[in-house]
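**Student:** Quick one: structure below, then a few questions.
The values are calculated or read from the model by the stated rules, or taken from the named source; none is laboratory data. These numbers come from a predicted model, not from an experiment. Methodologically, a virtual Cβ is constructed for each residue, glycine included, from the backbone with ideal geometry; neighbour enumeration extends over all protein chains shown.
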There are 2 protein chains.
Amino acid sequence: MFKAAETGTKLSDAAFRAARDQLRFDLVELQQRCRQVAGFPIIIVLAGVQGAGVVDSLNLLNTWMDPRWIHTHAIDRPSDEERERPLFWRYWRSLPAAGNIGLYLDGWYGEAFAKKGGAPHLRDIKAFERTLTDDGALIVKIWLHLTAAQQKRKPDTHQLDPVFGFRASDATWPQPAPYGAFVATAAKALKATHTDAAPWHVINGHDDNHRRATLLTILRDAMENHRKAWRTKAKAAAKEIRQAVKAHKKRKGVTSLAGPLSKVDLSKTMSAAAYAKAFRPRQDRLYDLQKQAHAAGVSTVIAFEGWDAAGKGGAIRRVTYALSARNYEVVPIAAPNDEERAHHYLWRFWRHLGRAGHMTLFDRTWYGRVLVERVDRFITDGAWKRAYKEINEFEKQLADHGTLLVKFWLHIDAGEQLKRFKERRDTPYKRWKLTDDDWHNRGKRALYEAAVNEMLTRTSTTHAPWHVVPANDKQCARIMILDVTIKALERALKQRKSR
Amino acid sequence: MFKAAETGTKLSDAAFRAARDQLRFDLVELQQRCRQVAGFPIIIVLAGVQGAGVVDSLNLLNTWMDPRWIHTHAIDRPSDEERERPLFWRYWRSLPAAGNIGLYLDGWYGEAFAKKGGAPHLRDIKAFERTLTDDGALIVKIWLHLTAAQQKRKPDTHQLDPVFGFRASDATWPQPAPYGAFVATAAKALKATHTDAAPWHVINGHDDNHRRATLLTILRDAMENHRKAWRTKAKAAAKEIRQAVKAHKKRKGVTSLAGPLSKVDLSKTMSAAAYAKAFRPRQDRLYDLQKQAHAAGVSTVIAFEGWDAAGKGGAIRRVTYALSARNYEVVPIAAPNDEERAHHYLWRFWRHLGRAGHMTLFDRTWYGRVLVERVDRFITDGAWKRAYKEINEFEKQLADHGTLLVKFWLHIDAGEQLKRFKERRDTPYKRWKLTDDDWHNRGKRALYEAAVNEMLTRTSTTHAPWHVVPANDKQCARIMILDVTIKALERALKQRKSR
C-alpha cells in the first residue's frame, strides 16, 4: 500500500511558489462552485503516521478555503450519548450538508488504525462510504506517509511553519503503536477500504513543498472531476425521471404482481368483548417490559408503515398508552426540512435514534425511499433499487448495537380504505387526517402494491423481519401489534441477559 | 397558590360527554391553524402531585391532537453532553419549532420541585420563559393538584382508563418528597414563576371529568387568544418595519453619536519584525493553555464581531494556528436555515456550544440581533431593544456554568475599509470574500456606528466584557487578540483550580 510513497521526492521552494497561487485560486473557486450547486457534500479524511503533516494539511486547507463552509472534525472520546447508539451514529451526526466540506482527522478509521474492531468494522466502513458516494458525496481520503527512517530523521516539528505561520505538527497527536505495527495495521485497513468511489491517496510527507503541492492537486482534481461528473449524472437523472413520469401518464391499467400482500388473510375479526379482555393484560405486560428494557439499556425502535388510513396512528397510541411517558418518543415522518434535504436520506433517521433503554416509534420510516419516492418518481430507479441494501445495512447496525427493531406493515384492502376515507371526511375532528395526497396515493394502489411486495421481500431479514398486520379489523391489528412487540422485547431482554 | 384548587368539584359524565366533542374539534382545529401560521411555538408544561393525573393529561393531549406536530419531553437524567454545557442547554435543544407543540413533563422545574438549585435557578427559569414569550411563544403551565386527603383517598390509579384506554397514572412517576414538603416547595416555585406572560393554571385533579374538561378548556382558550393576539402583533410589527424603512429612505445624512468607538486609537502600528518576535511565544503559550483548559474541562467561547473586512477571519486563523486541531470548532454565522428560522434567534447559538474543555470560535455571533437585524430593520425596535437583556442573560448562564467567554469587536475606520474592499476586489483568490452586502453595509456606516456603540455600552458586563480591538493595523490587532485570550484563559484556569 505504501511502497510507492516511500520516496524522498522533493519540490523546490521556487517550484512550489510557482504552483501555489493557481492551486489556491482553483480550490477557492471550486469550493464556491460546489457551494452554489449544493448538490453534494465533500468529505475529506486526513490520516497518516506521526510527523507526516496531518495537522499541517488541516491548517493549510482551513487557511485557504472559505471557513464558513468547511467543518473540521477531530473525533474525540465518545460521549455517553454516542456510546448508547450504534457505532456510526457519531459519524452520521457530523456529516456535512450538501455544498459543504467536512474535514475529518482519522475519519471513522480511529479504531481500525488502533486495531480495535477488526474486519467486520472495516466492512461497516466500506458500506458507510459506499452509501454516501452512491448518493453523490465526494470522499477524498489522504494518507500521509513517512518511512521509518524519515520519521526518525524528521526534526521536532512541534513548531510554527515559517511560510504559513500555523502549527505544523501537534504533540497531542499520538500514534497508537510503534511505527512498524502501526503501519502494518493501517496498511490492512487502507487496502480493505480502498474502493473506486472512495480511494486512498498516499503521499510521502517528508518534504513540505512536495506534500502540500500533491495534497492540493489531488483535492483540486477530485473536486473538479466530481463536480463535472455530478452535473452529468444529475442531468441524466432528471431526464430519466421526466421520461418515467411521462411514460406513466400514458400507461393505463397497471396490475399488481402477486407477492406477500396477496397472501394476507383480511377476514378475521374480533368482538369488542374479546378485545377488551385481550387488551389489558397485554398493555400491563408491555409496561413491565418497557421498565425492564430501560433498566437493561435495551433500546427499541418500532417502525410503522402501512396504507393511508390503515390505522398507524391509532395503533401507535395503543402502544404508547401502555408505556411510561418518560421513556418513549413518537417520530412522525413528513416531508424533510431543508437541513434534512441537504443530507443523505438516512441522515434524519439516524438523527432520531434514542439513547440506551429508550423506545422510539416511527410513524412512517426510511421505507419512504422505496415506497412514495419510488412510486411518485422523486428519485431514479437506481436510487430506490440500491436503497434495499442501504436499509438492510442500516438495520444491521442497529442489530449489531443491540437495538431491537420491530417493523409493521398495516395492511387493508382498497374497499376498507375507501370506507375510512369517507368516515374521515364526514367526521369534523378527523377531517385533518385526510389530505389530497391520500386520494392521490389511492389512485396508485397497483403501483404501491408492487413496491410494498418488493419491499417486504427484499428487506425481511433475520435481524429485522417484517410483520404484516391484517388491519381491516382494527382490534385484531392492535392485539397483534402488542403481541409481536411483547415477544420481541422478551427475546431481546433474554439475549441481553445472556451476553 | 393551591387554595383555590383544594376543592372536590366534580363534573358528571353526561356534562363531560356534552362538552368533549366540541373541545376536541376546537383543539384539533386550533392546532392546524397554529401550524399553518407557523409563527410561534406552543410550550405546555405539565406538573403536579402524584395521582393528580399528569400522565393522564399527557396521554389525553397526545390522543386528541395531531401527533406529527406535538413532541413529548420527559427530561431524564442529564447525559454527559448535557452536563458539560450550561444548565438550560438541554431545554433549548428540545424547544419546538414555530407551529409545533412541545409537551413537557415537569418542564425545567424538576430541580426546583426537588428543592435543588433554589432561588437563583428560579430567576433563570423566569428569564428563560420571558425570553421565549417575548419572542411570541405561547407557554401554558398546568399544575394538577390534590389535597393530602384526596391523594390518600385516591385509589391505585396504576391502571388503564375506562373511557380512553390509556394509562391514567404511572408508578414510575415518583414524587420526590412527602406530600407536605413537596407541595410547600412547589408552591414557592410556582409563585416565583407565575407571570402574566407565562402563568400557572392550577387544577384540582381529583375528578377525571372535571380535570380533563378544565385542562382542555384552558388550553383551547390559551391557544385561541394567543393566536389572535399574535396575529395583531405580527401585523403591527410588519407595519412598524415598513414605515421605518420608508422613513429611513427619506432621511439623509445620519450622523453617528459619540460612544466607545470614537475613543479608539487607530494610529498604532507594529513592524513585521516586532510582530514576528511577539507572535511565536504567544502562540506557544496559547497552545499550552488550551491543553490545560481541556484537561480541566474549562470550555471557551470566543466571539468575533467587527466591521466587514476588519480581519475577523484572519484573526481567527491566527488563533487556531496555535491550537491543537482536536479541540476547537469555528462556527461561521451566516443567514439562518429554515430550522433555525423556526426557533428563537438564540437557539442556534445554544446549539453550537461545545462540550467540556472545548473551544468554540464564533465568526459573527448572536450580536447580529442588535447589529444587522436592527440596522436593516429585520425586526421591530422592541425586539432589538430587549435583546440586550436577553443576551446578557445568555452570557450570564455561560459564566455561571464556568464557560469562559471572550468577546472582540474589531474596529477599522471607513478609509481602511475601502482600501481593503478594493484589494479584495482586485485579488483573484480573495474575491469571494467581497459581496454586495459589504458595499450595502458600508453605505450605512453611521447607523452601524450608533448600533455598535449602544451594543458595546449595554452588553459589556463584568463576566463578559467587550474588547475593542484597533484593527487598522492587522498585526497589532492579532497580537492584542492573542494577549487578551491568553490572559482570560489564565484567569479562568486559576478560578477553576480554586473552586
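**Student:** Those residues that are assigned to a loop (DSSP other than H, G, I, E, B) and at pLDDT 90 or above, I need them from segment A:29-51; list them, please.
**Tutor:** At the first step, the residues of segment A:29-51 found to be assigned to a loop (DSSP other than H, G, I, E, B) are A:38-41, A:49-51.
Once the filter is applied, which keeps residues that are assigned to a loop (DSSP other than H, G, I, E, B) and at pLDDT 90 or above, segment A:29-51 yields A:Gly39, A:Phe40, A:Pro41, A:Val49.
**Student:** Same structure, new question: Condition first: β-branched (Val, Ile, Thr) and either more than 10 Å from every other protein chain (Cβ to nearest Cβ) or in contact (Cβ under 8 Å) with a residue 60 or more places away in the chain (or both). Now tell me which residues in segment A:303-328 satisfy that.
**Tutor:** First pass over segment A:303-328, keeping only residues β-branched (Val, Ile, Thr): A:316, A:319-320.
Correct list: A:Val319 only.
**Student:** Kindly state which helices (runs of 4 or more DSSP H) lie completely within segment A:329-436 and contain at least 3 residues that are in contact (Cβ under 8 Å) with a residue 40 or more places away in the chain and closer than 27 Å to A:Asp80 by Cβ. Working first, answer last.
**Tutor:** On the way: elements: A:338-341, A:347-350, A:372-375, A:381-401, A:414-426.
In segment A:329-436, the matching helices (runs of 4 or more DSSP H) lie at A:347-350, A:381-401.
**Student:** Any residue at all in segment A:157-173 that's out of contact with any Cys (no Cβ under 7 Å at 6 or more places or on another chain), at pLDDT 95 or above, buried (at least 19 other Cβ atoms within 10 Å of the Cβ) and in a strand (DSSP E or B)?
**Tutor:** Narrowing segment A:157-173 to residues out of contact with any Cys (no Cβ under 7 Å at 6 or more places or on another chain): A:157-173.
Adding the requirement that they be at pLDDT 95 or above leaves none.
Looking for residues that are out of contact with any Cys (no Cβ under 7 Å at 6 or more places or on another chain), at pLDDT 95 or above, buried (at least 19 other Cβ atoms within 10 Å of the Cβ) and in a strand (DSSP E or B), one finds none in segment A:157-173, hence no.
**Student:** Still on this structure, please answer the following. Please verify whether segment A:277-286 includes one or more residues that are within 24 Å of B:Arg68 (Cα to Cα) and either among the hydrophobic types (A, V, I, L, M, F, W, C) or part of a helix (DSSP H, G or I) (or both).
**Tutor:** Taking segment A:277-286 first, the residues within 24 Å of B:Arg68 (Cα to Cα) are A:283, A:286.
From what's left, either among the hydrophobic types (A, V, I, L, M, F, W, C) or part of a helix (DSSP H, G or I) (or both): A:283, A:286.
Yes, the conditions are met somewhere in segment A:277-286.
**Student:** Restricting to segment B:440-460, what's the tally of residues that are in a loop (DSSP other than H, G, I, E, B), surrounded by fewer than 20 Cβ atoms within 10 Å (Cβ to Cβ) and at pLDDT 95 or above?
**Tutor:** 1
**Student:** What are the residues in segment A:231-272 that are more than 21 Å from A:Ile379 (Cα to Cα), modelled with pLDDT of 90 or more and not polar (S, T, N, Q), if any?
**Tutor:** A:Pro260, A:Leu261, A:Lys263, A:Val264, A:Asp265, A:Leu266, A:Lys268, A:Met270, A:Ala272
**Student:** Looking at B:Lys291, B:Lys246, which one is outside the structural domain of B:Lys474 (by TED's automatic domain parsing) and more than 28 Å from B:Leu138 (Cα to Cα)? Don't jump to the end; show me each part of the working.
**Tutor:** Details: B:Lys291 fails: outside the structural domain of B:Lys474 (by TED's automatic domain parsing).
After applying the criteria, what remains is B:Lys246.
**Student:** Now for a separate question. Any residue at all in segment A:366-378 that's of a type in the set (Asp, Glu), farther than 22 Å from A:Ala296 by Cβ and within 11 Å of chain B (Cβ to nearest Cβ)? First the steps, then the outcome.
**Tutor:** Our first condition is that a residue be of a type in the set (Asp, Glu); within segment A:366-378, this holds for A:373, A:376.
Next, only the ones that are farther than 22 Å from A:Ala296 by Cβ stay: A:373, A:376.
Going one step further and asking which of them are within 11 Å of chain B (Cβ to nearest Cβ), we end up with none.
Among the residues of segment A:366-378, not one is of a type in the set (Asp, Glu), farther than 22 Å from A:Ala296 by Cβ and within 11 Å of chain B (Cβ to nearest Cβ), which makes the answer no.
**Student:** Let me ask something additional. Are any residues in segment A:330-352 in contact with a Pro (Cβ under 7 Å, 6 or more places away or on another chain) and either away from chain B (no Cβ under 11 Å) or within 15 Å of A:Asp135 (Cβ to Cβ) (or both), and if so, which ones? Walk me through it before giving the result.
**Tutor:** Step one: list which residues in segment A:330-352 are in contact with a Pro (Cβ under 7 Å, 6 or more places away or on another chain), which gives A:330, A:332, A:348.
Scanning segment A:330-352 gives a single hit, A:Arg348.
**Student:** While we're on this one: Against the definition (more than 9 Å from chain A (Cβ to nearest Cβ), out of contact with any Lys or Arg (no Cβ under 7 Å at 6 or more places or on another chain), in a loop (DSSP other than H, G, I, E, B) and surrounded by fewer than 23 Cβ atoms within 10 Å (Cβ to Cβ)), how does B:Pro78 come out, yes or no? If you could, list the steps in order and put the result at the bottom.
**Tutor:** On the way: more than 9 Å from chain A (Cβ to nearest Cβ): yes; out of contact with any Lys or Arg (no Cβ under 7 Å at 6 or more places or on another chain): no; in a loop (DSSP other than H, G, I, E, B): yes; surrounded by fewer than 23 Cβ atoms within 10 Å (Cβ to Cβ): yes.
So B:Pro78 fails the test.
**Student:** Which of (1) within 24 Å of B:His248 (Cα to Cα); (2) within 14 Å of chain A (Cβ to nearest Cβ); (3) β-branched (Val, Ile, Thr) is the odd one out, the single condition B:Val452 does not satisfy?
**Tutor:** (2)
**Student:** Taking segment B:14-60 on its own, how many of its residues are under 21 Å from A:Thr427 (Cα atoms) and touching a Leu at 6+ places or on another chain (Cβ under 6 Å)?
**Tutor:** 1
**Student:** Name the residue, out of A:Ala4, A:Ala14, A:Ala19, A:Ala98, that is under 21 Å from A:Ile139 (Cβ atoms), over 17 Å from the mean Cα position of the chain (by Cα) and hydrophobic (A, V, I, L, M, F, W, C).
**Tutor:** None of the others qualify; the one that does is A:Ala4.
**Student:** Do we have any residue at all in segment B:8-28 that's in contact with a helix residue (DSSP H, G or I) (Cβ under 9 Å, 6 or more places away or on another chain), over 27 Å from A:Leu323 (Cα atoms) and at pLDDT below 85?
**Tutor:** Yes: one or more hits.
**Student:** Give B:Asp308, B:Asp338 a once-over and let me know the one that is farther than 19 Å from B:Val406 by Cβ and either surrounded by fewer than 19 Cβ atoms within 10 Å (Cβ to Cβ) or of a type in the set (Ser, Thr, Tyr) (or both).
**Tutor:** Working: B:Asp308 fails: either surrounded by fewer than 19 Cβ atoms within 10 Å (Cβ to Cβ) or of a type in the set (Ser, Thr, Tyr) (or both).
None of the others qualify; the one that does is B:Asp338.
**Student:** Just give me the residues in segment B:36-75 being aromatic (Phe, Trp, Tyr) and more than 13 Å from chain A (Cβ to nearest Cβ), in sequence order. Steps first, please.
**Tutor:** Initially, segment B:36-75 is screened for residues aromatic (Phe, Trp, Tyr), giving B:40, B:64, B:69.
Scanning segment B:36-75 gives a single hit, B:Phe40.
**Student:** If you don't mind, another one. So for segment A:86-99 (the condition being hydroxyl-bearing (Ser, Thr, Tyr), within 10 Å of chain B (Cβ to nearest Cβ) and surrounded by fewer than 20 Cβ atoms within 10 Å (Cβ to Cβ)), does at least one residue qualify? Spell out how you get there, then give the answer.
**Tutor:** Taking segment A:86-99 as the starting set, the residues that turn out to be hydroxyl-bearing (Ser, Thr, Tyr) are A:91, A:94.
With the extra rule that they be within 10 Å of chain B (Cβ to nearest Cβ), the set shrinks to none.
Among the residues of segment A:86-99, not one is hydroxyl-bearing (Ser, Thr, Tyr), within 10 Å of chain B (Cβ to nearest Cβ) and surrounded by fewer than 20 Cβ atoms within 10 Å (Cβ to Cβ), which makes the answer no.
**Student:** Okay, moving on. All but one of (1) assigned to a helix (DSSP H, G or I); (2) at pLDDT 90 or above; (3) β-branched (Val, Ile, Thr) hold for B:Thr320; state the number of the condition that does not hold.
**Tutor:** The single condition B:Thr320 does not satisfy is (2).
**Student:** Among the residues of segment B:193-217, count how many are of a type in the set (A, V, I, L, M, F, W, C) and surrounded by fewer than 16 Cβ atoms within 10 Å (Cβ to Cβ).
**Tutor:** 1
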